[in-house]
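Q: Mind having a look at this structure? Questions to follow.
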């Protein structure tokens, strides 16, 4: 298989995404913004389904964007791909106010990052500790693991990984790095394995999963980017348009759920309680009272989809 096509991943919950898009009036000649193009899975599906639609896509990783460029090249000028973090969508969507039919998010990282980037996202291979999603990020996993204090590491693993054994893992890391520099994913995964008591390890989930997740989210500032991006979408999506978000863990899902809930109550600010002066007129209707999850059939075919949760709101 050619390198350029090796990571043409299967998009998560494809039929559900298409169903929610098809409910938008005039979708066939509208603008859709894919905020997380990745290898172009969802984008290709959307472009194939509606041949009069124009798609704008954001991808912060240049390597993955090159894959998407090749995959989506048959659609010519119907596609505009942008190499930027989706938190900056407001810089690129000027002039689209109240014109975008839908914004689509598919959070997390792609198959390419795990299988082909060699940046240390996968703990089952021997790779250098990096975990940066793009080269604008200066801090690496190596820097954090070898230089941050026990308390700082504990906070990162607790906040971004919801790891029960954060303190033990942080202490073990500090102990081991005093003996030798921690340079690879394999070293770090083995340290985590040593820190968690065997009887408390979760079956079928590698003990280092939460630690690797926490480091990646912290280094790339992923959660604040989600919040920053979402709050801008409401001004660009048209009345009747929709915002579709697929999350892969509770931290992402909580941000989406809270943002949709506030909009549904008429609040578009980030203030709490009495400080909020927004009029109490609903800005959206939430179309998913509970998040949708992949079918058993999909999770069998695509195990990485198993934790996905899809939420949708519609601008009123």
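Q: Is it fair to say residue 224 is surrounded by fewer than 16 Cβ atoms within 10 Å (Cβ to Cβ) and closer than 30 Å to residue 32 by Cα?
A: yes
Q: Could I ask something else about it? I'd like the residue in segment 174-187 that is outside any loop (DSSP other than H, G, I, E, B) and out of contact with any helix residue (DSSP H, G or I) (no Cβ under 6 Å at 6 or more places or on another chain) and, out of all such residues, is farthest from residue 148 (Cα to Cα).
A: The extreme case among them is 186.
Q: Out of (1) in contact (Cβ under 8 Å) with a residue 24 or more places away in the chain; (2) out of contact with any strand residue (DSSP E or B) (no Cβ under 7 Å at 6 or more places or on another chain), what's the single condition that is false for residue 202?
A: The single condition residue 202 does not satisfy is (1).
Q: If you don't mind, there's one more thing I want to ask. Look through 139, 193 and report the one residue that is in a helix (DSSP H, G or I) and farther than 21 Å from residue 248 by Cβ.
A: Working: 139 fails: in a helix (DSSP H, G or I).
The match here is 193.
Q: Read through the list (1) closer than 16 Å to residue 105 by Cα; (2) touching a strand residue (DSSP E or B) at 6+ places or on another chain (Cβ under 7 Å); (3) buried (at least 19 other Cβ atoms within 10 Å of the Cβ), then give the number of the only condition that residue 284 fails.
A: All conditions pass for residue 284, except number (1).
Q: Name, by its number, the condition in (1) in contact (Cβ under 8 Å) with a residue 60 or more places away in the chain; (2) in the same structural domain as residue 166 (by TED's automatic domain parsing) that does not hold for residue 238.
A: (2)
The values are calculated or read from the model by the stated rules, or taken from the named source; none is laboratory data. Since we're looking at a predicted model, the values are computed, not measured. Every residue, glycine among them, receives a Cβ derived from its backbone with ideal geometry; neighbour counts consider all protein chains shown.
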